[in-house]
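Heads up: the structure comes next, in structure tokens.
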Amino acid sequence: GGGIPVIPSEVNGYDGVEAVVDKDLTASLLARRLAADLLVICTAVPHVSVDFGKPTERPLRRVTAQEIRDYDAEGQFSEGSMAPKVRACADFVTGGGVGTRRRAIITDMHTLHDALAGQAGTVIVP
């Protein structure tokens, strides 16, 4: 999914431009602007995993923004898949200043209800 990127134009009001709109980053920025305390990103899997697809694969249930950034720096997340999601969530939970209680959840639609209750998904905290 994505939007139609435009820029202001004195002639036509707006002109379309070629661009890729990162939906995860956009959701994170919008949630911060709205002063939301929760960001949920639904994806195709019930939680974030490290060593994905390997015998050592393990789910991440609750992690800090720094922990998820460290895993990302190790190359644990695919650029076209989970990496933009974990980055957007880490930015969201740390973008509210000191003392905020923001959290982000990455999960799928099937486990969303349980994830909101703290029973499933990956929860990212400051």
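Bear in mind that the values in this text are calculations on the coordinates, not laboratory data. No experiment lies behind these values; they were computed from the predicted model shown. We place every Cβ from the backbone using ideal geometry, glycine too, and count neighbours over all the protein chains shown.
Checked against (1) out of contact with any helix residue (DSSP H, G or I) (no Cβ under 8 Å at 6 or more places or on another chain); (2) part of a loop (DSSP other than H, G, I, E, B); (3) of a type in the set (Phe, Trp, Tyr), Phe77 passes all but condition (1). Counting only strands (runs of 3 or more DSSP E) that sit wholly inside the range 1-45, those with at least 2 residues that are closer than 25 Å to Asp114 by Cα are 38-42.
Run Ile68 past the list (1) crowded, with 16+ Cβ neighbours inside 10 Å; (2) in contact (Cβ under 8 Å) with a residue 60 or more places away in the chain and report the number of the one that doesn't hold. Exception for Ile68: condition (2). Any idea which residue in the range 53-63 is nearest to Leu112 (Cα to Cα), counting only those that are loosely packed, with under 15 Cβ neighbours inside 10 Å and in contact (Cβ under 8 Å) with a residue 12 or more places away in the chain? Selected residue: Arg61. Within the range 72-92, the residues that satisfy the criterion of being surrounded by fewer than 19 Cβ atoms within 10 Å (Cβ to Cβ), closer than 11 Å to Val50 by Cα and not polar (S, T, N, Q) are Asp72, Glu74, Gly75. Taking the range 1-51 as the range and being closer than 19 Å to Gln76 by Cβ, exposed (fewer than 15 other Cβ atoms within 10 Å of the Cβ) and not acidic (Asp, Glu) as the test, only Ala44 passes.
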